[in-house]
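In what follows, a structure is listed as structure tokens, so that the remarks can point back to it.
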Amino acid sequence: MDQLVHADHPGGVERTHHRRGSWGKRLAPYLLSLPAVVWLLLLFLVPLAIMLSLSLKTCNPASGTCYMTWSWGELPHQVNLYRTQFITSLEYAAAATIVDLVVSFPIAYWIAFHGGRKKNFFLMMLLVPFFVSFVIRTLVWEFILSNNGFFMTFLRHAHLISANFHVLGTGYAVIAGLSYNYLPFTALPLYVALERIDRRVLEAAYDLYASRREAFQRVIVPLAIPGIFAAFLLTFIPAFGDYVNQQILGGTSSTMIGTVIQNTFLVTGDYAAGSSLSVVLLVISLLGIWLYARVLGSRSIEEYL
Amino acid sequence: MSDNNNTGAPYEGIDPALWRGLTQRRLSRRQALGVAGGGIAASLFLASGAASGASLPNAKVGNATWWKKEKLHHTVNFANWPLYIDTLNGKYPSLEHFTQTTKIKVNYFQVIDDNTSFYAKIRPSLAAGQYTGYDIVVMTNNNPPLGYLMELGWLVPLDHSMMPNFKKYAGPLVKNPPWDRGNKYTMAWQSGWTSVAYNSKQVKDPGDSVHILFDKKYAGRVGMLSDPFELGSVGLLALGIEPASSTEKDWSKAATLLQKQKSDGIVAAYYDQSYIQHLKNGDVWVSQAYSGDIYQANLSAKYKDLVLMIPKEGLMMWTDNMCIPLYAQNPKDAMTLMDYYYSPVTQSVVEYYNDYICPVPDAKQQLLHPTSWNKAALAKLKPEIGLPTSATADSPLVFPSGREAKLTKTYYQFKNQEEINTWTNLFMPIIQGA
């Protein structure tokens, strides 16, 4: 606005106005970003710094006092101790992400290209179940999948499964729970990416004698890659650290690292070890993201996140 | 269990300051693993040296002269576990009667879900020498925090001149218990058993032994508890070892047994209190279980099939203890309230609602033949409970008979942090291992 004023009245601008205008101009971006900066500082960077420093300390579980002992060795030690749980978490999160991508791509595609005027309605339908707390929804899955629940009883009566077959308490139940819970986090970025594709580009592809399949492979998918990447991040990362699904749906051999971290804090009360594990989890996630970004080379991810 | 006499109070035999120095130096899991360098050891020494130089923060608190200076403030802040007191239409009849007769207002907070996490909430105040906001907290004896509170001098020693009801009516299971000899710091709120429960529809020949939890016949249908102290204790019972007098060698034997139980595919999962849901819906046929849960499940005709076993190896008894955290603002009001709950009249009302193990055996007579204000209170509660008061009075789960009392075992009392670490390092990997 200030620029307009200057342009309209060359030389006729009051001095005070001019000064105020340039101050405001200089400060405006800082003032506007202030809430975000404060938010980031207080709720993200400070806790992160506390967690990082705690991971190098040694704590007395009785008095709660922690001393800085610079125990760098703790990080590789924790990886060693809980290697299997880390690997299990990676496998489950990867499986759930793949399931989600496969399931939600057609949904997102259909809404984006064939949703017509009811697009918002369909998107809403996708989100409605998620107005209920995810713990409750996971508990309902436990009820549905339980051995004497109606679903398993029906399958058993139909002789589709043997009497001893069970889903609850297996890794498959955990993957199913994760996929279900994080589905909208995959579907929505995919939808945004597909929705943004310029239809004229598709028309051009057809004009150049591309078959529908070729157009899909060589136009739609490449243009949707930033969305796929965003979907991957938003699904994989929370699923990797998730512990609710494993605790409710999992059994004895499917412990994920999130459960271990939770137990370290709440059962053992060892905050230092819990922080070390969290740091390792964070580093693995960041490394994964970095690698993934390098491979896909997506520069415009932020547009879709 | 008599061996337990010495182990119950490590704080008495040894100078507590020295004790803390020792545990602080040894507690470090990192050091034991050899990842620490020389500088680390030095800094820990400095820290523990500073700590052991000072006496316990409650050294001058809780003696006769201290108590004499304290006055009633006619208010008390009471932190307890949820659903653990007589409740009617959102009000607590026994607390209301207390306020009417003593003019002490009670702020009742149902904020304790878990020992470790609640302890973590009050710990910063205690460490800073400040009031936690609670004059009474209720902590369980089978988890480390109660021991921590005693060890660090963060509890007010009780005024024994203000405990007439306790002296007269407290039952043998909670009087002078191994975890707090002479009731220096604590009075029991309620106790319960951790035992084995099964669904009699699916389990036809349960027998009377905890070995049912290790029976291959029930592979994949056995629930175990995810609390390492419960899990380890039942392992010890299965080996025929008294948990209270067990040694570290016994613990590793129990861990081996429990690891095998898991790798043989017998365990369905390690549950928190959610095991009861799995027992009810039939996913799990046999499980480690808390007596109160089974009693409450049985109240509904639908779950009459759930049976609590009294195994010949023993029943683990845990006790939730009322205690006064240091820097409490209303300790005298707290004492008055704690002793009030040792009146058989009061306890009859609480127990009619709770159905845990009653710390006051004489409450049984009060349930059958109420003589005081409890007559009206019990009558008002009855539609809510739906059972006659005799159901509670006659239940061996509330008033243990001779056999149950004899089979009751207490948990191992940890002498220091190193032992706690040894225990958790043995049993946690079973619970959360791959």
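The values are calculated or read from the model by the stated rules, or taken from the named source; none is laboratory data. This structure is a prediction, so every number in the text was calculated from the model and none was measured. Neighbour counts are summed over all protein chains in view; Cβ atoms, including those assigned to glycine, are modelled from backbone coordinates with ideal geometry.
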Task: Hits in the stretch B:299-336 - residues which are surrounded by fewer than 23 Cβ atoms within 10 Å (Cβ to Cβ) and assigned to a helix (DSSP H, G or I) - done: B:301, B:302, B:303, B:332, B:336
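Name the residues in the stretch B:194-217 that are among the hydrophobic types (A, V, I, L, M, F, W, C) and outside any strand (DSSP E or B), would you? Before you say what the answer is, go through the steps one by one.
Here is the first cut: in the stretch B:194-217, the residues among the hydrophobic types (A, V, I, L, M, F, W, C) are B:196-197, B:203, B:210, B:212-214.
Within the stretch B:194-217, B:203, B:210, B:212, B:213, B:214 meet the criteria.
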TODO: Look at residue A:252 and say whether it is under 20 Å from the mean Cα position of the chain (by Cα) and of a type outside the set (D, E, K, R).
DONE: no
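Let's see how each residue does on (1) in the same structural domain as residue B:358 (by TED's automatic domain parsing); (2) closer than 15 Å to residue B:197 by Cα; (3) outside any strand (DSSP E or B):
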| position | (1), (2), (3) |
| --- | --- |
| B:253 | no, no, yes |
| B:277 | no, yes, yes |
| B:289 | no, yes, no |
| B:294 | no, yes, yes |
| B:297 | no, yes, yes |
TODO: Taking the residues in the stretch A:100-124 that are modelled with pLDDT of 90 or more and small (Gly, Ala, Ser) as candidates, determine which candidate is farthest from the chain's Cα centre (by Cα).
DONE: A:112
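Just to check your reading of the model, which residue among A:228, A:257, A:261 is more than 29 Å from residue B:145 (Cα to Cα), of a type outside the set (Gly, Ala, Ser) and assigned by TED's automatic domain parsing to the domain that holds residue A:183? Outline the logic, then answer.
Working: A:257 fails: more than 29 Å from residue B:145 (Cα to Cα); A:261 fails: more than 29 Å from residue B:145 (Cα to Cα).
The match here is A:228.
Mind telling me which of the residues B:169, B:198 ends up being surrounded by fewer than 24 Cβ atoms within 10 Å (Cβ to Cβ) and of a type in the set (Phe, Trp, Tyr)?
On the way: B:198 fails: surrounded by fewer than 24 Cβ atoms within 10 Å (Cβ to Cβ).
Exactly one residue qualifies, and that residue is B:169.
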Open item on the list: Looking at residue B:308 and the list (1) at the interface with another protein chain (Cβ under 10 Å from one of its Cβ atoms); (2) in contact with a Phe, Trp or Tyr (Cβ under 8 Å, 6 or more places away or on another chain), which single condition is not satisfied?
Closed with: (1)
Open item on the list: Within the stretch A:90-99, does at least one residue satisfy the condition of being touching a helix residue (DSSP H, G or I) at 6+ places or on another chain (Cβ under 6 Å), in the same structural domain as residue A:178 (by TED's automatic domain parsing), at pLDDT 95 or above and more than 18 Å from residue A:256 (Cα to Cα)?
Closed with: yes
- [ ] Please work out which residue is nearest to the other protein chains (Cβ to nearest Cβ), limiting yourself to the stretch B:120-161 and to residues that are within 21 Å of residue A:264 (Cβ to Cβ) and among the hydroxyl-bearing types (Ser, Thr, Tyr).
- [x] B:148
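Residues B:272, B:250: which one is charged (D, E, K, R) and more than 14 Å from every other protein chain (Cβ to nearest Cβ)? It would help to see each step written out before you state the result.
Details: B:272 fails: more than 14 Å from every other protein chain (Cβ to nearest Cβ).
Unique residue meeting the criteria: B:250.
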Task: Hits in the stretch B:255-273 - residues which are touching a strand residue (DSSP E or B) at 6+ places or on another chain (Cβ under 9 Å) and among the hydroxyl-bearing types (Ser, Thr, Tyr) - done: B:270, B:271
Task: Residues satisfying the stated conditions in the stretch A:45-73, i.e. facing chain B (nearest Cβ under 7 Å), of a type in the set (Val, Ile, Thr) and outside any loop (DSSP other than H, G, I, E, B) - done: A:58
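If you check residue B:117 against the conditions, is it within 14 Å of another protein chain (Cβ to nearest Cβ), among the hydroxyl-bearing types (Ser, Thr, Tyr), outside any loop (DSSP other than H, G, I, E, B) and within 21 Å of the chain's Cα centre (by Cα)? Full working, then the answer.
Values: within 14 Å of another protein chain (Cβ to nearest Cβ): yes; among the hydroxyl-bearing types (Ser, Thr, Tyr): yes; outside any loop (DSSP other than H, G, I, E, B): yes; within 21 Å of the chain's Cα centre (by Cα): yes.
So residue B:117 fits the description; yes.
Please verify whether the stretch B:79-91 includes one or more residues that are surrounded by 14 or more Cβ atoms within 10 Å (Cβ to Cβ) and farther than 21 Å from residue B:358 by Cβ. Break it down stepwise before answering.
So the first thing to find is which residues in the stretch B:79-91 are surrounded by 14 or more Cβ atoms within 10 Å (Cβ to Cβ), and the list is B:79-81, B:84-88.
Next, only the ones that are farther than 21 Å from residue B:358 by Cβ stay: B:79.
For the stretch B:79-91, residues surrounded by 14 or more Cβ atoms within 10 Å (Cβ to Cβ) and farther than 21 Å from residue B:358 by Cβ: present.
Yes or no: residue A:53 in contact with a Ser or Thr (Cβ under 7 Å, 6 or more places away or on another chain) and closer than 15 Å to residue A:274 by Cα?
Working: in contact with a Ser or Thr (Cβ under 7 Å, 6 or more places away or on another chain): no; closer than 15 Å to residue A:274 by Cα: yes.
Here the answer is no, as residue A:53 does not meet what is asked.
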Open item on the list: Please return the ranges of helices (runs of 4 or more DSSP H) entirely within the stretch A:169-263 where 1 or more residues are within 14 Å of chain B (Cβ to nearest Cβ).
Closed with: A:171-195, A:244-249
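Scan the stretch B:400-413 and tell me whether some residue there is loosely packed, with under 14 Cβ neighbours inside 10 Å, touching a residue at least 40 places away in the same chain (Cβ under 8 Å) and more than 17 Å from the chain's Cα centre (by Cα). Before the answer, list the steps.
Going through the stretch B:400-413, the residues loosely packed, with under 14 Cβ neighbours inside 10 Å turn out to be B:401-403, B:406.
So of that shortlist, the ones also touching a residue at least 40 places away in the same chain (Cβ under 8 Å) come out as B:403.
If we keep only those that are more than 17 Å from the chain's Cα centre (by Cα) as well, we get B:403.
The answer is yes, given that some residue of the stretch B:400-413 is loosely packed, with under 14 Cβ neighbours inside 10 Å, touching a residue at least 40 places away in the same chain (Cβ under 8 Å) and more than 17 Å from the chain's Cα centre (by Cα).
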TODO: Please specify each residue of the stretch B:416-434 satisfying the condition of being charged (D, E, K, R) and either surrounded by 20 or more Cβ atoms within 10 Å (Cβ to Cβ) or within 12 Å of chain A (Cβ to nearest Cβ) (or both).
DONE: B:418
Task: Positions within the stretch A:151-168 being within 13 Å of another protein chain (Cβ to nearest Cβ) and either within 13 Å of residue A:249 (Cβ to Cβ) or at pLDDT 85 or above (or both), in sequence order - done: A:151, A:152, A:153, A:156, A:166, A:167, A:168
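Considering only the stretch B:134-185, state which residues are of a type in the set (A, V, I, L, M) and in a loop (DSSP other than H, G, I, E, B).
Initial filter on the stretch B:134-185 (of a type in the set (A, V, I, L, M)): B:136-139, B:146, B:149-150, B:152, B:155-156, B:158, B:162-163, B:170, B:173-174.
Matches in the stretch B:134-185: B:152, B:156, B:158, B:163, B:170, B:173, B:174.
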- [ ] Inspect all residues belonging to the stretch B:151-159 and state whether any of them is under 19 Å from residue B:81 (Cβ atoms) and in contact (Cβ under 8 Å) with a residue 24 or more places away in the chain.
- [x] yes
Task: Answer residue from the stretch A:131-150, given it is away from chain B (no Cβ under 14 Å) and part of a helix (DSSP H, G or I) and is surrounded by the fewest Cβ atoms within 10 Å (Cβ to Cβ) among those - done: A:131
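Determine whether residue A:273 is within 14 Å of chain B (Cβ to nearest Cβ), small (Gly, Ala, Ser) and either assigned to a helix (DSSP H, G or I) or touching a Ser or Thr at 6+ places or on another chain (Cβ under 6 Å) (or both). Give the steps one after another, and end with the answer.
On the way: within 14 Å of chain B (Cβ to nearest Cβ): yes; small (Gly, Ala, Ser): yes; either assigned to a helix (DSSP H, G or I) or touching a Ser or Thr at 6+ places or on another chain (Cβ under 6 Å) (or both): yes.
So residue A:273 fits the description; yes.
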